[in-house]
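Values quoted throughout were computed directly from the atomic coordinates according to the rules given, and no laboratory measurement underlies them. Note that this is a predicted model, so its numbers are computed, not measured. No Cβ is skipped: glycine too gets one built from the backbone with ideal geometry, and neighbour counts run over all protein chains shown.
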Amino acid sequence: MNARHFLSMMDYTPDELLGLIRRGVELKDLRNRGVLFEPLKNRVLGMIFEKSSTRTRLSFEAGMIQLGGQAIFLSHRDTQLGRGEPIADSAKVMSRMLDAVMIRTYAHSNLTEFAANSRVPVINGLSDDLHPCQLLADMQTFLEHRGSIKGKTVAWIGDGNNMCNSYIEAAIQFDFQLRVACPAGYEPNAEFLALAGERVTVVRDPKAAVAGAHLVSTDVWTSMGQEEETARRKKLFAPFQVTRALLDLADKDVLFMHCLPAHRGEEISVDLLDDSRSVAWDQAENRLHAQKALLEFLVAPSCKPA
Ligand code: CP
Ligand code: NVA
């Protein structure tokens, strides 16, 4: 099985990642100008969802249709995968019928196991460890608003979760400094921190993390699958709410990002998404364009006649 996958930002070279986000900008322009571009005609993406989604499902489904192909939504509840058919068997069967598979799951090992048994590209649509597609959109959004992120300072405020881990990978690949402000015990995965070395620092004080930062990003305090911890997390994370006053400590041209869905009054103040420094809606839209670039990169080469 030698298909190219996208399970992590580390699967690609920095040049490939930069190429993808630049291509995302071009595909956005094509769509805005009403130009039809259908390189994936007759291609089919399978989308396996073990967790809920609005943006990821819509952006992949709309993206495939816009590129001339189709997407099939496969709920875990309705497939044999959800009834215990082994991942390896499912991957072998599905990848004989599909041209690519996107998976949103819990354990990251579900993705690696599927990919190891798949003839076609597998895309990580979020695991407990990583959310790389979101980072393509975030990096495209920064590029559009502020140019290159190389050498800039990014502050991650809140939980050291899947999004935070992907920010660490992005810091390595796009060459920026990352400051993570999180409560003790909620640090990002030690393996990712070790990989990043001095590029990432972990602090307890959100103000220290945000000082002079060019981008501030946060996410929900309770990720999918952690619902039972909600009450405890709300108390513990309260000092980590991102507010307009916190952003005032950052660089004067700071951008604020949130992958969404947002919980106003928890990880962000009720007014933050309305602040002129917030680019959360552009960021959400860019899921579509950045992932179309990814689909084109992964699926289009095999469209060429043999
Ligand atoms: N940001 C994101 O992945 O959103 P969904 O959970 O709606 O897909
Ligand atoms: N950290 C969140 C991201 C949602 C897009 C979660 O995993 O639920």
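The distance separating the Cα centre of the range 222-254 from that of the range 42-94 comes to 32 Å.
Per-residue Cβ neighbour counts within 10 Å put Y12, Y167 in the sequence Y12, Y167, beginning with the fewest.
Bridgeable aspartates and glutamates around K235 (alpha carbons under 18 Å apart, same-chain partners fewer than 8 residues away excluded): D159, E187, D205, D219, E227, E266, E267.
Rounded to the nearest 20 debye, the dipole size of the range 89-217 about its Cα centre is 260 debye, using +1 on the Cβ of Lys and Arg and -1 on the Cβ of Asp and Glu. When the charge dipole of the chain is built from unit charges on Cβ atoms (+1 for Lys and Arg, -1 for Asp and Glu) and taken about the Cα centre, the candidate among S109, S59, A196 whose Cα reaches farthest toward its positive end is S59.
Between the Cα long axis of helix 55-66 and the first principal axis of the chain there is an angle of about 40°, rounded to the nearest 10.
The calculated P(r) of the range 98-220, using every Cα pair and 5 Å bins from 0, goes 2, 11, 20, 22, 18, 12, 8, 4, 1, 0 in percent.
Taking Cα atoms only, the orientation of helix 14-32 departs from the longest principal axis of the chain by about 80 degrees. 3J(HN,Hα) along the range 136-143: 4, 5, 5, 5, 5, 5, 5, 4 Hz, from the Karplus curve 6.51 cos²θ - 1.76 cosθ + 1.60 with θ = phi - 60°, whole Hz, x for Gly and Pro.
Straight-line reach from K292: which aspartates and glutamates have Cα under 19 Å away, leaving out those fewer than 8 places along the same chain? Partners found: D11, D15, E16, E26, D29, E38, E61, D99, D138, E144, D282. Counting neighbouring beta carbons within 10 Å and listing from fewest to most, the residues S278, S148 come out as S148, S278. If the chain linking E229 and R204 were pulled fully straight, counting 0.36 nm for each residue of separation and taking away their Cα-Cα distance, it would gain 6.9 nm. Entry note, the chain: the mean residue ellipticity at 222 nm calculated from DSSP H runs of n ≥ 4, each adding -39500 (n - 2.57), is -12000 deg cm²/dmol after division by the residues and rounding to the nearest 500. In a reduced charge model with +1 at each Lys and Arg Cβ and -1 at each Asp and Glu Cβ, the chain shows a dipole moment near 560 debye about its Cα centre. Distances longer than 20 Å among the Cα atoms of the range 175-242: what percent of all pairs is that? Every Cα pair in the range 175-242 considered, those over 20 Å come to 34 percent.
Legend: distances between Cα atoms for K51/K252; K28/K252; K51/K234; pairs beyond 32 Å are K51/K252. Evaluated at q = 0.12, 0.14 Å⁻¹, a Debye calculation over the C-alpha positions of the chain (equal weights, vacuum) places log10 I(q)/I(0) at -0.77, -1.05. Each peptide in 97-108, 79-90 gets a packing score, the mean of other Cβ atoms within 10 Å over its residues, and the list from highest to lowest is 97-108, 79-90.
Ordered by the count of other Cβ atoms within 10 Å of each Cβ, fewest first, W156, W221 give W221, W156.
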